[in-house]
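Following: one structure in C-alpha cells, then a few remarks.
The values are calculated or read from the model by the stated rules, or taken from the named source; none is laboratory data. Note that this is a predicted model, so its numbers are computed, not measured. Neighbour counts run over all protein chains shown; Cβ positions are idealised from the backbone, glycine included.
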4 protein chains.
Amino acid sequence: MAITIGENSYGKQRVRLLRVARQDGRHDLQELTIDIRFEGDFETAHTEGDNKKILPTDTMKNTVYALARQRPIETIETFCEQLTEHFLENNPQASGVHVEAAETLWARLPFGGKLHAHAFTSSGGEKHTAAVSGVRGPKIVTSGIEGLVVLKTTQSAFEDFLQDEYTTLKETRNRILSTVIRAIWSYRGGESNYGTTWQGVRQVLLETFAEHDSQSVQQTLYAMGEAVLANFAGIREIHLSLPNKHYLPVDLSPFRLDNPGQIYLPTDEPHGLIEATLRKD
Amino acid sequence: MAITIGENSYGKQRVRLLRVARQDGRHDLQELTIDIRFEGDFETAHTEGDNKKILPTDTMKNTVYALARQRPIETIETFCEQLTEHFLENNPQASGVHVEAAETLWARLPFGGKLHAHAFTSSGGEKHTAAVSGVRGPKIVTSGIEGLVVLKTTQSAFEDFLQDEYTTLKETRNRILSTVIRAIWSYRGGESNYGTTWQGVRQVLLETFAEHDSQSVQQTLYAMGEAVLANFAGIREIHLSLPNKHYLPVDLSPFRLDNPGQIYLPTDEPHGLIEATLRKD
Amino acid sequence: MAITIGENSYGKQRVRLLRVARQDGRHDLQELTIDIRFEGDFETAHTEGDNKKILPTDTMKNTVYALARQRPIETIETFCEQLTEHFLENNPQASGVHVEAAETLWARLPFGGKLHAHAFTSSGGEKHTAAVSGVRGPKIVTSGIEGLVVLKTTQSAFEDFLQDEYTTLKETRNRILSTVIRAIWSYRGGESNYGTTWQGVRQVLLETFAEHDSQSVQQTLYAMGEAVLANFAGIREIHLSLPNKHYLPVDLSPFRLDNPGQIYLPTDEPHGLIEATLRKD
Amino acid sequence: MAITIGENSYGKQRVRLLRVARQDGRHDLQELTIDIRFEGDFETAHTEGDNKKILPTDTMKNTVYALARQRPIETIETFCEQLTEHFLENNPQASGVHVEAAETLWARLPFGGKLHAHAFTSSGGEKHTAAVSGVRGPKIVTSGIEGLVVLKTTQSAFEDFLQDEYTTLKETRNRILSTVIRAIWSYRGGESNYGTTWQGVRQVLLETFAEHDSQSVQQTLYAMGEAVLANFAGIREIHLSLPNKHYLPVDLSPFRLDNPGQIYLPTDEPHGLIEATLRKD
C-alpha cells in the first residue's frame, strides 16, 4: 500500500500577548491572541521522525514576544505581516506561513468627563481580527470583526417563503432580528490605514443593520456587504456570516393574555446561519 | 437508621426573557435570565413521592412570562420583588422564595450623531444582577454587578509581603492590575430608584479602581467598597469579589532584549481571588 | 462613617498539577486542580496597604508543587489535608485555611485485552472532588462527585402535582429523567480509605438512580441519599444537587405522526434544580 | 459598481434530537446534534428580498424530527444520507445540501454484573461525527471522531530540531504526550457497516497512539493515519488534527528539589497544532 501525504501544516495556537506603550501622561495597550501555521516540505518528519526541518512551535511563540518588543504594533494587520515575513525569510523549508490575530478590545474608563490615562474596561466579546497568508510571492491580508452582537425590534419581516409538508412557521411582518456579526474582508492593493478602515467598516455594518427594512437575513446581509463595498474603494471582497439568533414570541393565550410583540423567549439553539461572500467585479 | 432532611429547595434556573416596550418612535428592551427557588415543607415529596405540595417548575417559568406581560418591568429588583410576592401569596406551603435575575446589557446603536430608536448592540459580558429573598416577613433586596472587566497599567504595587521557604515572587512597585468586578450590595431600607443607584455605584467602583494608588488587591478592594458606602447613604453593606487576573512580564533576556513594562503574558489560570464584605456600623 | 470588615478571605484558584508515579512496567497519574483560601487577621492589608501578614498567592501555588514532589498523593482528600496542615502550621496569621481539589479522571487504554501500562484516556467531564476546611482545631473533610451525567428512559413519572392559574404542564407516567449528579458527603470520624469509599458511593448512586421507580426528582434524590447513608456507616451526611435536564417530547401531530415516547428535544435551559441535604440522626 | 455574490449558503445549526427505541426489556438511545446547509440559486433573496426559493430553516428542523420518527436511525451516517436525499429531492432550487451530525456517546450503566436495560451514563466529551455532502450526483460520506482525549507518560521524544536565534526549547527524550484526537475519514465506495468500522478505527487510533515510539507529533500522526489506511480497505483517506497539549515539567530547583519526570503543569494555551491528510494511492 502506498500512502501519500496531502495538505499538512503545523504551528502554534493561542499565543497571548499584552503590549503596553508608556508615554508621559498616557498609556496605550493592545491585547492579542495569535495563531501561526507553517506549510511546506515536512514529509520526513512524518515518515521518518526527522525533525531537522521542524522549527519548534515554542520558537514561534518566542518570536511573537521578541518581535513585539522590537517595534511598535501599529495594527494587528501589520504585525501579522511582520511575523509572516520574518518566518518566510528565516525558514526556507516553509512554503507558506499563515498568521492570524484577534484583538481583545479595551476602552478607556471615563473619569471626570474625560478618558482616563491608564485605566481601561473591556468592551466585551467583540474582537478585531486579522489574517495574513504568506507564500513565496505576494501576501494576502484580511481584516475582520467577530462577536459583534446586534438586535433590532422592528423593520424585520419574513414572508412569502417556500412551503412544504413539514413547514409550520408562520409568516411575519414584524419580528425581532438579532445576530452576531462575523465579517472578513480583503483589500484591492496596499492599504495605508487598517485601523481607520476597520472603524469605518464597523460603523457602516451597524448603520445598515439598523436602518435596513429587512425581508430576510439574506437581504440584510447583502445590504450590509454592498454598503461596505460601495463606501470603501480599497476593499475588494467581504464575507459575512450571520447566525439568526431566534427570539420567539411567547404564547400567553393559556393565561388569557395577548402578546402584542412584547414578550419573547431568547434561544441559543437551534439557530439559523446565513453566509455569503460579495465581490466587486 | 433514622434520616432527617436538612436544608432543601427546588426551583427553575435560567428562565430567559426579552421584554420590548414599544412607544412611538422609541423601543426599549430588557433581556433577563431568572432563577427561582422555593424552600418549605416538602418532606413528603422526598419520602413518599407525594407531589401535592409541589408547584411544577414549569409553572414557575410560565409565571415569569405572565407577570412580565401584565406590568412594566421597572427594574430587575422590583420584578424580583413582584415574583417573590406572587409566589409567597399563592403558595402557603413555601416558607421562603428566592428569585435572582441577571440583565444582559444592551446599548442603543449610534446613528447620525444620535442614538437609534430601535437598534441595539450588546455591551458584552457585563450584567446587572439582583436577588430577592422573601420569607413570611420582610424581604431582603440586593443589587449587583457581574463580569465588569477592568485593567490598569500603573499605580499598582505589591511589596514587603510575608515570605517563606517556597516564596519566589519578586516585589514590584509597578505591575498590571486587572480584575473582573463582582459586587453585591444591600440597602438600609426601601430604595426608591434602583436603576440610578446602580449606575452610580458602577461609576464609583470604576473611578476608585482607576485612581487608587494600590499596595495590594486587598487595599484596592477596601477603597472601592469604602467609596460606595461613603457615597450612597441608602447602602448598608457591600460584598466585593475580585479575581487577580495576572499579566506576567515576559522574560526576553534569552533574546538579549530588556522588557521595561512593555510585553506581558495574559493568563487565565491560576489566578488570585480576593473577597470581602464591608458594612456600615 | 465607621466601616467594619466582615467575612473576608484571599487565596489562589485553579492551581493545576499532573503527578506521575513511574514504577517499572506501570505508570500511575493524577491530574488535579486546587483552590486555596485563607481567612484570618488581614485588616491592616485592607485599610493600610500593609502586606506583612500576606503570604503571596504565588507562594501558595509553589507550595502545592513542592509538597506534591515530597510525598505520594494517596488520595485528593489526604493531599488537601496535608496542604491545610502545612499552611496552618506555617501561618499563625491565618485562622482558617480551606483547600479544595478536583481530580480529572483518566482511565488506562485497553490494549490487547489488558490495560496499557502508560497510555490513558480521559473519561470525560466527571470529577472526583474533595475539600478540607481547617481551623485551629479539628478539620472537616468532605468528598464529592461532579459532572456525572445520567439518563433513564422509563420508570420516571410526575403526576398529581399542585396546579394554579399558570400551570400548563401535563401529568406524565413515563418521562425521560436525566441529571448531572453533584454530591458532597462528610464523614463521622476518621476515614481510612477515601478512594474505595468514593468508588462505592458512586456505584450506589448510579444503581439507585437506575432502579428507582421515580415519582419525582425529589423522591429519587432522597432514595439516592438514603442508600448512601444506609450502606456507608462512616458517612454522616450527604448533599445532593440534581438539575432536571428536560428532554421534551416533540409534537409531531402537525405532520400527522404520533410520538410514542420516541422523539425528544434535549434542552439546556431552562432547567429544574432539586437540592437537599440528608443526615443520619 | 457591479457586485457579484460568490459562495453562499444558509441553513440550520444545532438541531438537537434524542431518539429512543423501546423494545421489551431493552431500550436503545441516540442523541444527535445536526447542522444543515443549502447552497444554490438564492440570488434574488439577497438582492430583491424575494423569499420564494427559501425553505425556512425552521422547516429544516421539522424535517429532522419527522424523518427520525418514520424510520430507525441505523447510524448517523445513514441518517445524514437520508436527510440529504430528502432535501435534494424536494428542493430543486438547491444545488448542494450538506448535513453534519455529532452523536453524544451514552453507555449503559453497569448493574449487578450486567448492563442496565434502560439507564445510561454519558461517556464524556467524545463524539462520533458524520457528514454528507450531496450534490446532483454522487454523495460524499465522511465519518469522524472528536474530543477523544489521550495522554501517554513515556515513549515520546522531541530532539534534533531546527534552531534559530529565538529557540529556547530544550531537547527531550522523554516527555508527556497528550492530545485531543480529531479524525475525519472518507470511503472508497459504499460502506455497509459504518458503526463497526467506526469502533475499529477508534481502536486502531488508540492502540497506535499508545504503542508508537514517538519522535514528534508529526510522526505519531502519520503512524496513526497509516495504521487506519492499512487496516481498513474501504477507507480511502483520513485527516487527523492533533493539538499538542503541553504538560510542562515544573522547575522545583528554587526549593532544592529535583523533578525526575514527576510533577507537571497542565496548560491549555498556547498549544501546538499538527494536521495532515493521508491518502491511499
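A quick yes/no check of all residues on (1) under 23 Å from A:N51 (Cα atoms); (2) not acidic (D, E):
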position: D:K114; (1), (2): no, yes
position: D:H128; (1), (2): no, yes
position: D:I145; (1), (2): no, yes
position: D:S156; (1), (2): yes, yes
position: D:Y166; (1), (2): yes, yes
position: D:Y194; (1), (2): no, yes
position: D:E207; (1), (2): no, no
position: D:Q215; (1), (2): yes, yes
position: D:M224; (1), (2): yes, yes
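Which residues, counting only those in the range A:89-139, are of a type in the set (D, E) and out of contact with any Leu (no Cβ under 7 Å at 6 or more places or on another chain)?
Across the range A:89-139, the qualifying residues are A:E89, A:E100.
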Open item on the list: Being within 10 Å of another protein chain (Cβ to nearest Cβ) and not in a strand (DSSP E or B) is the filter here; which residues of the range B:98-114 pass it?
Closed with: B:G112
Task: Odd one out for D:A223 among (1) free of Cβ contacts under 8 Å to residues at least 24 places away in the same chain; (2) away from chain A (no Cβ under 14 Å); (3) of a type in the set (G, A, S) - done: (2)
Open item on the list: Would you confirm, using the coordinates I've provided, whether C:R182 is surrounded by fewer than 19 Cβ atoms within 10 Å (Cβ to Cβ), part of a strand (DSSP E or B) and not hydrophobic (A, V, I, L, M, F, W, C)?
Closed with: yes
Open item on the list: As an exercise: evaluate A:Y222 against (1) touching a Lys or Arg at 6+ places or on another chain (Cβ under 8 Å); (2) of a type in the set (F, W, Y); (3) closer than 20 Å to B:A119 by Cβ and give the number of the one condition it does not meet.
Closed with: (1)
Open item on the list: Which condition from (1) in a helix (DSSP H, G or I); (2) surrounded by fewer than 21 Cβ atoms within 10 Å (Cβ to Cβ); (3) modelled with pLDDT of 95 or more is the one that A:D251 breaks?
Closed with: (1)
Open item on the list: Given the criteria hydroxyl-bearing (S, T, Y), more than 7 Å from every other protein chain (Cβ to nearest Cβ), in a strand (DSSP E or B) and surrounded by 18 or more Cβ atoms within 10 Å (Cβ to Cβ), does D:T129 qualify?
Closed with: yes
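The rows are residues; the columns are (1) in contact (Cβ under 8 Å) with a residue 24 or more places away in the chain; (2) in contact with a Ser or Thr (Cβ under 6 Å, 6 or more places away or on another chain).
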site: C:I54; (1), (2): yes, no
site: C:D58; (1), (2): yes, no
site: C:V64; (1), (2): yes, no
site: C:R71; (1), (2): no, no
site: C:Q82; (1), (2): no, no
site: C:E85; (1), (2): yes, no
site: C:G96; (1), (2): yes, no
site: C:E103; (1), (2): yes, no
site: C:W106; (1), (2): yes, yes
TODO: Assess whether B:A119 counts as being closer than 20 Å to B:Q13 by Cα, within 14 Å of chain A (Cβ to nearest Cβ) and in contact with a helix residue (DSSP H, G or I) (Cβ under 6 Å, 6 or more places away or on another chain).
DONE: no
- [ ] Assess whether A:A230 counts as being within 11 Å of chain D (Cβ to nearest Cβ), surrounded by 18 or more Cβ atoms within 10 Å (Cβ to Cβ) and under 26 Å from B:R108 (Cα atoms).
- [x] no
Task: Condition met for B:A117 (touching a residue at least 24 places away in the same chain (Cβ under 8 Å), crowded, with 21+ Cβ neighbours inside 10 Å and either within 15 Å of the chain's Cα centre (by Cα) or within 30 Å of A:S178 (Cβ to Cβ) (or both)) - done: no
Open item on the list: Looking at C:A117, C:A45, C:A68 in this structure, which one is assigned to a strand (DSSP E or B) and either polar (S, T, N, Q) or in the same structural domain as C:L18 (by TED's automatic domain parsing) (or both)?
Closed with: C:A117
Open item on the list: On the basis of being closer than 16 Å to B:T47 by Cα, of a type outside the set (A, V, I, L, M, F, W, C) and surrounded by 19 or more Cβ atoms within 10 Å (Cβ to Cβ), does C:H246 make the cut?
Closed with: no
Task: Top-ranked residue in the range C:71-86 [being of a type in the set (D, E, K, R) and part of a helix (DSSP H, G or I); ranked as nearest to D:R256 (Cα to Cα)] - done: C:E85
TODO: For C:T196, indicate whether it is surrounded by fewer than 21 Cβ atoms within 10 Å (Cβ to Cβ) and either closer than 20 Å to B:H46 by Cβ or in contact with a helix residue (DSSP H, G or I) (Cβ under 6 Å, 6 or more places away or on another chain) (or both).
DONE: no
Task: Selected residue (only one of A:E165, A:E191 is modelled with pLDDT under 95, within 25 Å of the chain's Cα centre (by Cα) and in the same structural domain as A:F232 (by TED's automatic domain parsing)) - done: A:E191
Task: Within the range B:231-281, considering residues that are of a type in the set (S, T, Y) and in contact (Cβ under 8 Å) with a residue 24 or more places away in the chain, the one nearest to C:I34 (Cα to Cα) - done: B:S241
Task: Residue in the range C:59-76 that is surrounded by the fewest Cβ atoms within 10 Å (Cβ to Cβ), counting only those that are farther than 14 Å from C:I36 by Cα and away from every other protein chain (no Cβ under 11 Å) - done: C:R71
Open item on the list: Kindly evaluate A:Q23 against the criterion of being over 16 Å from A:V132 (Cα atoms), assigned by TED's automatic domain parsing to the domain that holds A:E81 and surrounded by fewer than 17 Cβ atoms within 10 Å (Cβ to Cβ).
Closed with: yes
TODO: Give me a count of the residues in the range B:40-54 that are surrounded by fewer than 18 Cβ atoms within 10 Å (Cβ to Cβ) and more than 7 Å from chain C (Cβ to nearest Cβ).
DONE: 5
